[in-house]
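Here's the structure we're looking at; comments come further down.
The values are calculated or read from the model by the stated rules, or taken from the named source; none is laboratory data. Source: prediction; values computed, not measured. In this analysis, Cβ positions are derived from the backbone assuming ideal geometry, glycine residues included, and neighbour counts consider all displayed protein chains. What goes into the accessible areas is simple: the full protein's heavy atoms, side chains included, and nothing from ligands, DNA or RNA. Shrake-Rupley method; radii C 1.70, N 1.55, O 1.52, S 1.80 Å.
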Amino acid sequence: MTQRLGNTRLKAARLAAGYRSQQVLAAAMNELGLSVGERQIRRWESDSPPWPHPDCQQALTQLLGLDMQTLGFTPPNGRDQRTAHGSAGRQRPGAMTTLAPAPAGGICAIQPASVADDFQAITHSHRHLYWSVSPTALHPAVIAHAVLGCALLPKTAGHTRSTVAAALAETWMLGGRIEFFDLREPERADATLLRALQAASEANDPLLGSAILAHTALIPGWEGNREAASERVSAARAYARRGPASAELWAWLDTVEAECETLCGRAEAALHLIEHAEDVLTSGSEYETPAWLDWFSSVHLAALKGNTQLKAGHLPQARETLTGALNALGPAEAKQSIAILGDLAAVESASGHPEEACAWAVRALDQLSLTGCATGMDRVREVRRSLARHQHEQCVRDLDERLYGWSTTIRALTDVDPDRPHHVPDLYARPYPG
């Protein structure tokens, strides 16, 4: 007696798309405004699946990324199959927009559901490695992982596709963060963050979109373009309102705007925003903070507050705030200490205490030797320039011995002109053609 296995093509496509049960697939179809139950999915996965209604065809091809015949359905005589390019059916107002289907061409064209967890696991590992691994070593791996994600995404569908897309958005965002904060390549970071936003759109993840847009606001902010920075922050807030944004995300958006205001010479306005962020954190919210928002906490807010107080000329307050932030950092947050140490050095330099300033700057260099960060090195170099009137004192000479090692000197000369490429030339390349 021949054993009946049912419509194995539809079942395999359902599992590959990340819908682990018939009930879950039915729920996904209902999100599109249909009325489909588990019993109907069971009929479609039977030995003789009935030809679905046109609206259900549309939903199946959208969610599973394959055409109807590849999904194991045989159209009745005189009937053509409905494709994913047809009408969207009875989609209810406000329903979640689904991702575009992956190219058809057989079950083998679709990656298994496990690819989402595997790809996401590497993304999470890169996120953790950022805090201890040198950015120049980590960046190539992050970008290579993003390239892999771009290759995988067209071969996934449904829940699997949205999970891969979200992990890909986070990966591109991490790449943009490294390029902007650590490598000081703002133009490249802007392009990378745009790719992150496209991936977040594929995942339909408004909170990731908000975080990415907020990062892009810092790029014109660093250039003193307040109008462009403000527009991007407004866009980030709009995206945050579309999802369950936590208090930490809202407070971080305040700090991004505050940093842009500080960079544009409006430190007092920035302090008001920071005060609002402190109130938001104190009030809290019912929503959970996304795991990828690991660069912000009350300690990081205090660090920004201290930097803003420094820029506003409130030196005693800045010293107290920054010292408290430094003492509150955990062992795993050593990289975060670079900016705080640099700011404490700047506070002491502005207060006329060169020895204390040099001591803080040396501590920053100690940490920079472990992790590296272009933004942190910029702060140390600013402190050294502010100590020009004390350059004959021994403490400043000792700082110079640390600051002007071979690698730091070459990097400093490379970055003198902001219009020059941010890379060190190849020693063994021919300096002249021919």
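Given +1 on the Cβ of Lys and Arg, -1 on the Cβ of Asp and Glu, and no further charges, what dipole in debye does region 243-348 carry about its Cα centre, rounded to the nearest 20?
Numbers: 5 positive and 16 negative charges, 76 e Å.
With Lys and Arg at +1 and Asp and Glu at -1, about 360 debye.
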Would you list which lysines come within 30 Å of Lys305, measuring only between C-alpha atoms, while excluding same-chain residues fewer than 8 positions from it?
Lys335
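What's the extension gain from Glu268 to Ser134 if we count 0.36 nm per residue and subtract their Cα-Cα distance? Numbers along the way, then the final one.
Numbers: separation 134, 0.36 × 134 = 48.24 nm, distance 3.48 nm.
So the extension gain works out to 44.8 nm.
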Name the residues of region 227-245 whose amide N is less than 20 Å from a point 7 angstrom out from the Cα of Glu187 along the C-beta direction?
228-229
Run down the aspartates and glutamates and flag those whose C-alpha is under 16 Å from the C-alpha of Lys155, throwing out any fewer than 8 positions away in its chain.
Asp67, Asp117, Asp118, Glu202
How far apart, in nm, are the 7 Å Cα→Cβ label points at Thr323 and Asn77?
9.2 nm
The chain - charge dipole about Cα centre, Lys and Arg +1 at Cβ, Asp and Glu -1, debye rounded to 20:
1820 debye
Could you check the spin-label model distance between Arg226 and Arg241? Points 7 Å from the Cα along Cα→Cβ, value in nm.
2.3 nm
Using the Cα centre of the chain as origin and beta-carbon charges of +1 (Lys, Arg) and -1 (Asp, Glu), tell me which of Gly330, Thr163, Trp292 is placed farthest towards the positive end of the dipole.
Thr163
Rel. contact order, % - alpha carbon contacts under 8 angstrom, at least six apart, region 254-396:
17 percent
When the helices in the chain are scored as -39500 (n - 2.57) per DSSP H run of 4 or longer and the sum is shared across all residues, what 222 nm value do you end up with, to the nearest 500 deg cm²/dmol?
-20000 deg cm²/dmol
Contour minus Cα-Cα distance for Tyr404 and Asp378 (0.36 nm per residue)
8.0 nm
Per DSSP loop assignment and a cutoff of at most 16 other beta carbons within 10 Å, the chain keeps its longest run without exposed GluC sites (Glu not before Pro) at 32-222
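Counting pairs of alpha carbon atoms under 8 Å apart in space and at least six apart in sequence, what relative contact order in percent does region 124-186 give? Walk me through the intermediate numbers first.
Details: 33 pairs, mean separation 24.1, N = 63.
Computed value for region 124-186: 38 percent relative contact order.
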Once amide hydrogens are built 1.01 Å from N within the peptide plane, the residues lying 5 or more places from Ser46 or on another chain with amide H under 5 Å from its amide H are Asn7
Taking all protein chains in place and a 1.4 Å probe, what share, in percent, of the accessible surface of the chain do carbon and sulfur account for?
53 percent
Among (1) 22.7; (2) 20.0; (3) 28.8, the entry derived from the coordinates for mean projected area of the Cα convex hull in nm²:
(3)
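How much accessible area per residue does the chain have, in Å², with a 1.4 Å probe? Could the numbers behind the result be given before it?
On the way: 21520 Å² over 434 residues.
For the chain, the solvent-accessible area averages 50 Å² per residue.
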Would you kindly derive the ³J(HN,Hα) couplings of region 238-248 from the backbone phi angles with the Karplus curve 6.51 cos²θ - 1.76 cosθ + 1.60 (θ = phi - 60°), listing them in order in whole Hz, with x for Gly and Pro?
4, 5, 4, 5, 7, x, x, 6, 7, 4, 5
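When only Cα pairs under 8 Å and 6 or more residues apart are kept, what is the percent relative contact order across the chain? Please list the in-between numbers first.
Details: 653 pairs, mean separation 43.5, N = 434.
The value is 10 percent.
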Contour minus Cα-Cα span, Tyr287 to Ser46, at 0.36 nm per residue, comes to 82.6 nm
